[in-house]
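Presented below is the structure to which this report refers.
What follows draws every value from the coordinates through simple rules; no lab data is involved. None of the values given here were measured: they were computed from a predicted structure. Every residue, glycine as well, gets a Cβ built from its backbone with ideal geometry; the counts of neighbours run over all protein chains shown.
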Amino acid sequence: MIATIFDEKFMEGKAEGIAVAEAEYKPKWVAEGEVRGIAKAETERKPKWVAEGYINSIQSVLQARFTTVPKILQKRLASISDLGQLELLTKQAATCSSLKEFEKLLR
């Protein structure tokens, strides 16, 4: 009988503690997690997304101007992560006179 009363009170306290945590702390923890997730995306993932956008733009410009973009050139572009370099290459893709000239810029 004593163990049963103890167990009952323990379970009531546990349930109450869980309810308090759910009501008071969970929203705060979720909000903090969202803030951390957004910050991580901004610092870690956004530069990659921007780089991918530049690479897609470069390939689109080269394809529009010269019909095809060789796979080797696509691979070289995909290996570049420096946003300043990619911005410059985007402009050069629009103004270069040939694919060979553009390819020289990647070396």
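Values computed for the structure shown
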quantity: Pairwise label distance in nanometres, residue 12 with residue 71, each label 7 Å out on the Cα-Cβ vector; calculated: 7.3 nm
quantity: Packing-based order for 51-64, 71-84, using average beta carbon neighbours within 10 Å, highest first; calculated: 51-64, 71-84
quantity: 222 nm mean residue ellipticity, helices alone, for the chain (DSSP H n ≥ 4; -39,500 (n - 2.57); rounded to 500); calculated: -25000 deg cm²/dmol
quantity: Student exercise, the chain dipole from Lys, Arg, Asp, Glu Cβ charges, in Debye to nearest 20; calculated: 1140 debye
quantity: Rg and Dmax of the range 2-105, Cα atoms only, in Å; calculated: 27.8, 91
quantity: Angle between the chain longest axis and helix 83-95 axis [Cα atoms, degrees, rounded to 10]; calculated: 30 degrees
